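Chemist: Sharing a structure, written as structure tokens. Questions coming.
Values quoted throughout were computed directly from the atomic coordinates according to the rules given, and no laboratory measurement underlies them. In this text the structure is predicted, and so the values were computed from the model without any measurement. Every residue, glycine as well, gets a Cβ built from its backbone with ideal geometry; the counts of neighbours run over all protein chains shown.
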Amino acid sequence: MTVLDQTHSRRRFLQLTGAVGATAALGGVLQACNVIGGGGAATTGTFNWMTWSDHYIQSQLDKIAKDTNINTAISELAGNAEGYAKLKEVKGQLDKISGDAMWVPNAYAKDGLIEPFDINELKVSSQLYSFAREFPYWQSSEGYMAYPFGWSPIMIYYDPAKVTGDPNDWQVLLDPKYKGRVVVENQPEEIVAYMARAAGFDKPYDLTDDQLTTVKGYLEKLKPNVLKFAQQATDSVASMISGEAWLITGNLGNEDRVKDGGGPEIKGYVPKEGTVGWHDGEMIVKEGVNKALIKPFLEQSQQAELIAENFLANGRPLFNEKAYQILTDQGKKDQADRYLYAKAPDVLPTMVLKGPGTSTDKSIQLFNEVFGTS
Amino acid sequence: MTAEVVGGVDVAPPTVASRGRTARLRELAPFLPAGLLLGVLFFVPLAVMFIFSLWTTNANLDIVPTWNLDNYAQFFQTGAYVRTLAKTVAMGAAVTTICLLFSLAVAYFLARYISRRWARVALLVIIVPFWSSYLLRVYSWQAILGEKGALNQVLMGLGLISEPSRLFVYNDIGTFIVLTYVYLPFAILVLYASLERFDYTQLTAAQDLGASPSRAFRYILLPQIRPGLITAAIFVFIPILGEFLTPSMVGGASGLLIANLIQTFFKNALVPQGAALGLLIVAFVTVLLIIFRKYLRVEDVYARG
């Protein structure tokens, strides 16, 4: 007779469940001790990283884990505001987080959530373009706030077989001809920023109440044209491939992604009113219990060979200059130049960098107000 | 009442009141684990949410503990929020109605006309979709209802339409179809459990006494399965009030429901606003449950005059 077949008295049942509960609790305590114990200067182990899916290639992570015993536990990052909110909640449960340009100083650093570091201490940083080590807004008395990774302006892509007249502005997204044919990523503050640019406002994250009223009008025109909100950049590309969307917003390189996926030949442009854009980086979380693993990991993961491979897989410019040389040597210079790889100093100043501004909260409320039921 | 002498010490017997309290505590003791669980995992978070809902967020997305009712006021002052809640309730009511109608027909057929063995096989088939993830099922519906999806191919193959229709997805119709698909099995299972226990000879007796089949159905069957109907309605309607995945995946930009707005607030660090909206839904659901509770009693059909 097995234990499951036995008839148990209430006392016996309570004894059994009590024992199971105590074992589980003990396991939890031991696990917690283990986590706390990991806060030392261990150079092997697993760290928690919240990032976008294009910041890593799994096979590269596997190789790094094999070579160095540094493993990664990754959670997907959908947007800057979400990552910032999440880090404020969990703090030391994350060790590394990715973030866009102005979110780094204006949110993460301002709240003391990240640990600046001497970027020149990292040998691999010598492979970066020098300007990427000197972004003034990432410098503080304690060091550099993030390790620079990639960048892109937000562009509009369209299917020329469906969208006529060679558009070159934001207004095309509002054209009633394209009702239900626009797909944008589900990032409310960015969608409001696009419409602010369409309205001609230079500071789309610092809108006054009057400007917000104007932007509301633009959003109301945009609403019927939006087929859906893509959860990830890949969803926008998939919509273009399937033919559901004729116009999408996105990063550099979507022409190739759509074509590689079997979709139509599409065109992309930077809207003439100006655009928003991003350059991102990797931050070390101040309270991260495994933060000692981050610098050794960066030394491995930011090597030019790996960054060149990442460029070919994800198609947007990165800040690793040596990787550009590798791409050139591999005969991929045309592709790199098409994606403006070496043009960051010229292009970055032309775009408004993503970041929380004085109107971010109102922008999100405005988005809900417009995209709620009218 | 006299004191007993136990071991040389006078011991007063327990009074009736203290005996009653002890007995009452002993009766309640088994509920302690469940009560603790409910308190820690439900009431404490709810209280935290309530506190957050009374605070505000500044432009830097920091939560500022200034006590006020602004977030609640904002809900009632913003037409789009109220309309979105009304639309969510309407969507829930529509899906619940169609689910109850379909599930009543299916469950009645299974309970009355199919052998118990085959009915169980049929129920197994009904719950097979639950073996795959919710997300996967909704993705599948995107593929079925989309412009190049199976439904359009079938309709075009039958010559009913000449070009792919965009009627079925990225709108409220798409949300309605998928929510009905997702929640129908819950309703069927609940109603089958009610109908399986029903004594169908009562219907025959009613008809022997002159009632038409529909009258017998209405006055004999329905009152006795009312708790099942109400439970099925609760199982379908209430989760729909919190649905955000289906609307975001097949509802498109025009098909957002109230939970999508709440999600946007939470995802973008506007926790107090999200908490207030969430608590309004909780309040709404609580009122509904109080109303429904009254109807969960089985009516004594024989006592009616």
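Chemist: Quote the FRET efficiency, to the nearest 0.05, computed for A:GLU89 versus B:PHE42 with a Förster distance R0 of 22 Å and r equal to the Cβ-Cβ distance.
Modeler: Once rounded, the FRET efficiency stands at 0.70.
Chemist: What is the local net charge at B:VAL89, summed over the other residues whose Cβ is closer than 14 Å to its Cβ (Lys, Arg +1; Asp, Glu -1)?
Modeler: Local net charge: 0.
Chemist: While we're on this one: Run down the lysines and flag those whose C-alpha is under 16 Å from the C-alpha of A:LYS332, throwing out any fewer than 8 positions away in its chain.
Modeler: Within the straight-line cut-off, A:LYS332 pairs with A:LYS322, A:LYS343.
Chemist: Here's a follow-up. Given R₀ = 60 Å, FRET efficiency for B:SER132-B:ARG19 by Cβ-Cβ distance, to 0.05?
Modeler: After rounding to 0.05, the efficiency reads 0.60.
Chemist: Put +1 on the Cβ of each Lys and Arg and -1 on the Cβ of each Asp and Glu in segment B:15-104; which of B:ILE63, B:LEU38, B:THR22 then has its Cα farthest toward the positive end of the dipole?
Modeler: Selected residue: B:THR22.
Chemist: For chain B, modelled as a Gaussian network with Cα springs under 10 Å, which listed residue fluctuates most, B:VAL44, B:VAL182, B:VAL236?
Modeler: Maximum fluctuation in the GNM of chain B, among the listed residues, is at B:VAL44.
Chemist: Which residue fluctuates most in the GNM of chain A (Cα springs below 10 Å): A:ARG338, A:ARG316, A:ARG197?
Modeler: A:ARG338
Chemist: For segment B:82-140, what D do you get in µm² per second when you plug the Kirkwood radius from alpha-carbon pairs into Stokes-Einstein at 25 °C and 0.890 mPa s?
Modeler: Translational diffusion coefficient: 177 µm²/s.
Chemist: Also, quick follow-up: Based only on other Cβ atoms within 10 Å, what is the fewest-to-most ordering of A:HIS55, A:HIS279?
Modeler: A:HIS55, A:HIS279
Chemist: Looking at this model, which pairs from A:LYS272/B:LYS267; A:LYS223/B:LYS148; A:LYS91/B:LYS87; A:LYS177/A:LYS259; A:LYS177/B:LYS148; A:LYS203/A:LYS223 are more than 28 angstrom apart at the alpha-carbon?
Modeler: Too far apart for the 28 Å limit: A:LYS272/B:LYS267; A:LYS91/B:LYS87.
Chemist: Could you work out how far apart the two model spin labels at B:SER165 and A:ASP209 are, taking each label as a point 7 Å from the Cα in the direction of the beta carbon, and quote it in nm?
Modeler: Calculated label separation equals 4.7 nm.
Chemist: Taking amide H positions as placed in the peptide plane 1.01 Å from N, state which residues far from A:LEU77 in sequence (5 or more) or on other chains have amide H under 5 Å from it.
Modeler: A:THR51, A:TRP52, A:SER53
Chemist: Something else: Sort largest first and round to whole Å: the equivalent ellipsoid semi-axes of segment B:77-302, each the square root of five times a Cα gyration tensor eigenvalue.
Modeler: Details: eigenvalues 245, 129, 45 Å².
Equivalent ellipsoid semi-axes, largest first: 35, 25, 15 Å.
Chemist: For segment B:191-198, what does the Karplus curve 6.51 cos²θ - 1.76 cosθ + 1.60, with θ = phi - 60°, yield as ³J(HN,Hα) per residue in whole Hz, taken in order and with x for Gly and Pro?
Modeler: 5, 4, 4, 6, 6, 5, 8, 6
Chemist: Between A:SER130 and B:THR66, how high is the FRET efficiency from 1/(1 + (r/R0)^6) when r is the Cβ-Cβ distance and R₀ = 45 Å? Nearest 0.05.
Modeler: Approximately 0.45, to the nearest 0.05.
Chemist: Additional query: Quick one: angle between helix A:58-68 and the longest Cα principal axis of chain A, in degrees between 0 and 90, rounded to 10, please.
Modeler: Its long axis makes an angle of about 40 degrees.
Chemist: In whole Hz, with x marking every Gly and Pro, tabulate ³J(HN,Hα) for segment A:73-79 from phi via Karplus 6.51 cos²θ - 1.76 cosθ + 1.60, θ = phi - 60°.
Modeler: 10, 9, 10, 6, 9, 8, x
Chemist: Among A:GLU89, A:GLU287, A:GLU273, whose mean-square fluctuation peaks in a Gaussian network model of chain A (Cα, cutoff 10 Å)?
Modeler: Per the Cα network of chain A with a 10 Å cutoff, A:GLU89 tops the list.
Chemist: Quick one: order A:PHE117, A:PHE297 by neighbouring beta-carbon count within 10 Å, fewest to most.
Modeler: In order of increasing Cβ crowding within 10 Å: A:PHE117, A:PHE297.
Chemist: Under the definition of Cα pairs under 8 Å and six or more residues apart, what whole-number percent is the relative contact order of chain B?
Modeler: With pairs under 8 Å counted, the relative contact order is 24 percent.
Chemist: Pick out, in residue order, every one of the chymotrypsin sites (Phe, Trp or Tyr not before Pro) in segment B:199-285 that is DSSP loop and has at most 16 other C-beta atoms within 10 Å; say none if there are none.
Modeler: Sites meeting the loop and neighbour criteria: B:TYR200.
Chemist: What is the P(r) of the protein assembly as shown, as percent of Cα-Cα pairs per 10 Å bin from 0?
Modeler: 3, 12, 19, 21, 19, 12, 8, 4, 2, 1, 0
Chemist: On C-alpha positions alone, give me the angle between the axis of helix A:209-222 and the longest principal axis of chain A, in degrees, nearest 10.
Modeler: Approximately 80 degrees, to the nearest 10.
Chemist: Now a separate question. How big is the antiparallel share of DSSP beta bridges in the protein assembly as shown, given as a percent to the nearest 5?
Modeler: If I count the DSSP bridges inside the protein assembly as shown, around 60 percent turn out antiparallel.
Chemist: Counting Lys +1, Arg +1, Asp -1, Glu -1, what net charge surrounds A:PHE201 among other residues with beta carbon under 13 Å of its beta carbon?
Modeler: Value of the local net charge: -2.
Chemist: A:GLY281's amide H: which non-local residues (gap 5+, or another chain) put their own amide H closer than 5 Å, with H modeled 1.01 Å from N in plane and none for Pro or chain starts?
Modeler: Distant-sequence amide H within range of A:GLY281: A:GLY99, A:PHE149.
Chemist: Ok, one more. For each of B:LYS294, A:LYS362, A:LYS259, count neighbouring Cβ atoms within 10 Å of the residue's Cβ, then give the residues from fewest to most.
Modeler: Arranged by neighbour count, lowest to highest, B:LYS294, A:LYS362, A:LYS259 become B:LYS294, A:LYS259, A:LYS362.
Chemist: Report, in degrees rounded to the nearest 10, the 0 to 90 angle that the Cα long axis of helix A:10-37 makes with the longest principal axis of chain A.
Modeler: Around 60 degrees separate the two axes.
Chemist: Taking Cα pairs under 8 Å and at least six residues apart, what relative contact order does chain A come out at, in percent?
Modeler: On the way: 626 pairs, mean separation 97.9, N = 374.
This gives 26 percent for chain A.
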